[in-house]
Amino acid sequence: MTKMHVQAEVLENLHLKLSVDGHDYELDHDLPDSDYQPQATSPAGALLIGLAGCKLMLAQSYLRSRKLEGVTVSLDLEANLGRDDQKHRNLLADVKLNIDGDLTDKQRKNLQRYVDSQCAVEQIILSDSNRIQTHYQFN
């Protein structure tokens, strides 16, 4: 199990500064009925960044570990975040991994199998065994 630590604080409005294991990030969201312009992506955007990054890193790792030079990868992800008929939140994501270069049919199939089976972010999103506990501390 990978243990991670996140610290977060509000800069102003919905603009947040977060530190994940010592790496700094920002999140933000627009304010309804306001001229406020977000300074960073939303929490949902960060979730999609995690999914895209996971798949792209795995594809790149596969290529590097097999020393397949001259092959580049990029990614396009389109997503709809909404609610189903029972008002449960849902995510419909369409991920396109673009692989440019010469790969054999076997290498293509192996790359696909590797990415599909190893993306921890996708597995977490799709898992039924997730649990989040929130504890409130009032000072």
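Among the aspartates and glutamates, which have Cα under 13 Å from the Cα of Lys3 when same-chain residues fewer than 8 positions away are ignored?
Partners within reach: Asp21.
Would you grab the residues whose amide H sits under 5 Å from the one on Leu75? Only those 5+ places off in sequence or on another chain, please, with H modelled 1.01 Å from N.
Answer set, sorted by chain and number: Asn98.
Long-range amide H contacts for Leu14: which residues qualify at under 5 Å (H placed 1.01 Å from N, peptide plane, sequence gap of 5 or more or a different chain)?
His29
Determine ³J(HN,Hα), in whole Hz, for all residues of region 56-65 in sequence, where each value follows from phi through the Karplus function 6.51 cos²θ - 1.76 cosθ + 1.60 and θ = phi - 60°; x replaces Gly and Pro.
Values per residue, Gly and Pro as x: 5, 5, 5, 4, 5, 4, 4, 5, 5, 5 Hz.
Based only on Cα atoms, what Rg/Rh ratio does the chain have, Rh being taken as Kirkwood's radius?
Values: Rg = 18.5 Å, Rh = 18.0 Å.
Radius of gyration relative to Kirkwood radius: 1.03.
Work out the charge dipole of region 43-138 with +1 on the Cβ of Lys and Arg and -1 on the Cβ of Asp and Glu about the Cα centre, then indicate which of Cys119, Gly45, Asn98 is farthest towards its positive end.
Sorting the options by dipole projection puts first Cys119.
Keeping to pairs on different chains or 8 or more places apart, tell me how many lysine pairs in region 43-138 have Cα atoms under 21 Å apart. Don't skip to the end; give the middle numbers.
Details: Lys55/Lys67; Lys55/Lys96; Lys55/Lys106; Lys55/Lys109; Lys67/Lys106; Lys67/Lys109; Lys96/Lys106; Lys96/Lys109.
Taking the Cα cut-off of 21 Å, the pair count is 8.
Among the chymotrypsin sites (Phe, Trp or Tyr not before Pro) within region 110-139, which fall in a DSSP loop and have no more than 12 other Cβ atoms within 10 Å of their own Cβ? Mind dumping the intermediate values first?
Values: sites: Tyr114, Tyr136, Phe138; in loops: Tyr136, Phe138.
Passing both the DSSP loop test and the Cβ count: Tyr136, Phe138.
Taking a 1.4 Å probe, which of Cys119, Cys54 shows the most accessible area, and what order do the others take after it?
Values: Cys119 0, Cys54 20 Å².
Order by accessible area, largest first: Cys54, Cys119.
Any idea what the relative contact order of region 77-139 is, in percent, if you count C-alpha pairs under 8 Å spaced at least 6 apart? Walk me through the intermediate numbers first.
Numbers: 25 pairs, mean separation 11.8, N = 63.
19 percent.
The values are calculated or read from the model by the stated rules, or taken from the named source; none is laboratory data. Owing to the predicted nature of the structure, the values given are computational and were not obtained by experimental measurement. Note that each Cβ is placed from the backbone with ideal geometry, even for glycine, and that neighbours are counted across all protein chains shown. Please note that ligands, DNA and RNA were not included when accessible areas were found on the heavy atoms of the full protein model with its side chains. Shrake-Rupley method; radii C 1.70, N 1.55, O 1.52, S 1.80 Å.
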